[in-house]
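Enquirer: The structure is given below, and queries will be raised subsequently.
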Amino acid sequence: MEQIERIKQMEQDTRITELSSCYDHLERMTVAELLQHISDEDRLVAEAVAKVLPRIESLVEAIEQRMKQGGRLFYVGAGTSGRLGVLDASELPPTFGVSEDWVIGVIAGGDRALRHAVERAEDSAEQGWKDLQAYHPSANDTVIGIAASGTTPYVVGAVREAKKNGLLTGCITNNPQTPLAEAVDYPIEVIVGPEFVTGSTRMKSGTAQKMVLNMISTSLMIRMGRVKGNRMVKMQLTNAKLVDRGTRMLQEMLGLSYDEARQRLLKSGGVDKAIKG
């Protein structure tokens, strides 16, 4: 409860992510103590995300309208935030059978930045929008800027230009009242409090961003018809595990034997096609 109360007291501080940790002398802690305290802090993340569900809902509904008109979704970020955006986007084609150009992750510094720090890549306010130009963005598209601090020039600049050009804009940040939130149509501010290691936003802030991204993309995929019941019927059959999963889906849905279901799946090339016969 002490952590929750402290977060409430600090919600007016615009750089909460840079405040000193609630813990000190971490190097003196046992492994058990470190793990327990990290776990205690992580419990706060789901509560913080729950507080902003109405904002996430509004953004998802706005994106859905544009996607139904042929629009795409772009995530723009730097560092951890950029990597999380690329990760979420890259998981959607195999999971939901969508094309790779439907949801796209753009990270400051390009693909190299996925594995290596690219110095000063995030400091250009112009480069984010320049990087988006490679995809020929249109008015039906949406750009979501991701930045724990809410001040990253690469991200703020990208969403500002996107909005000027008629694109729908949103953001995920972990500080209140930031330039990033002010620049977009649909700001999502998930206030998780100071990090366990001061300023290390790869921890609670990153976890919160991942949760919100999961909510946005999964809800959109469901709303766009990529799920039937609770099954990923559009998934790509790219490995043995997914073939087995698809086979078991057909067994359950059509009352077939395992071998019959597998043959039908492989012949049709997908669960949804196999269901239609």
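The values are calculated or read from the model by the stated rules, or taken from the named source; none is laboratory data. Since the structure is predicted, the reported quantities are computational estimates derived from the model, not experimental observations. We place every Cβ from the backbone using ideal geometry, glycine too, and count neighbours over all the protein chains shown. With ligands, DNA and RNA removed, areas are computed over all heavy atoms of the protein, side chains included. Shrake-Rupley method; radii C 1.70, N 1.55, O 1.52, S 1.80 Å.
Enquirer: Report the percentage of all Cα-Cα pairs in segment 180-277 whose separation exceeds 24 Å, rounded to a whole percent.
Expert: 46
Enquirer: How many Å² of accessible area per residue for segment 181-277, probe 1.4 Å?
Expert: Computed with neighbouring chains in place, this is 50 Å² per residue.
Enquirer: Measure nothing but the geometry: give the 0 to 90° angle between the long axis through the Cα atoms of 79-96 and the longest principal axis through the Cα atoms of the chain, rounded to 10°.
Expert: Tilt of helix 79-96: around 10 degrees.
Enquirer: Check cross-link reach from K273 to the lysines: straight Cα distance under 28 Å, and skip same-chain residues fewer than eight apart.
Expert: Correct list for K273: K68, K228, K234, K241.
Enquirer: What lysines sit close enough to K130 to cross-link, taking a C-alpha to C-alpha distance under 24 Å and skipping anything fewer than 8 places away on the same chain?
Expert: Once the sequence-local lysines are set aside, what remains near K130 is K163, K164.
Enquirer: Also: In a GNM of the chain with a 10 Å cut-off on Cα contacts, which of E41, E27, E182 has the highest mean-square fluctuation?
Expert: E27
Enquirer: Accessible area of segment 1-150 with a 1.4 Å probe: how many percent of it is carbon plus sulfur?
Expert: 49
Enquirer: A further question on this structure: Could you name the lysines whose alpha carbon sits less than 21 Å from that of K204, not counting residues in the same chain fewer than 8 places away?
Expert: List returned: K8, K51.
Enquirer: Continuing with the same structure: Can you give the charge dipole size of segment 212-277 about its Cα centre, rounded to the nearest 20 debye, using +1 on the beta carbon of Lys and Arg and -1 on the beta carbon of Asp and Glu?
Expert: 200
Enquirer: Determine the percent antiparallel among the DSSP beta bridges restricted to segment 141-259, to the nearest 5.
Expert: Values: 1 of 10 bridges.
Percent antiparallel among DSSP bridges in segment 141-259 is about 10.
Enquirer: Continuing with this model, one more query. Can you find, among M215, A125, G70, the residue sitting farthest towards the positive end of the charge dipole of the chain, where Lys and Arg contribute +1 and Asp and Glu -1 at Cβ?
Expert: After comparing all options, I get G70.
Enquirer: State the answer as a single residue: which of I144, G110, F96 lies farthest towards the positive end of the charge dipole of segment 96-181, with beta carbon charges of +1 for Lys and Arg and -1 for Asp and Glu, about the Cα centre.
Expert: Of the options given, the answer is I144.
Enquirer: Another one. For Cα pairs less than 8 Å apart in space and 6+ apart in sequence, what is the mean separation divided by the residue count of segment 136-238, i.e. the relative contact order in percent?
Expert: 20
Enquirer: Hey, how many Å between the Cα centroid of segment 136-209 and the Cα centroid of segment 213-248?
Expert: Centre-to-centre distance over Cα atoms comes out at 27 Å.
Enquirer: For the chain, what is Rg from Cα atoms divided by 2.2 N^0.38 Å, rounded to two decimals?
Expert: Numbers: Rg = 20.8 Å, N = 277, 2.2 N^0.38 = 18.6 Å.
Dividing the Cα Rg of the chain by 2.2 N^0.38 Å gives 1.12.
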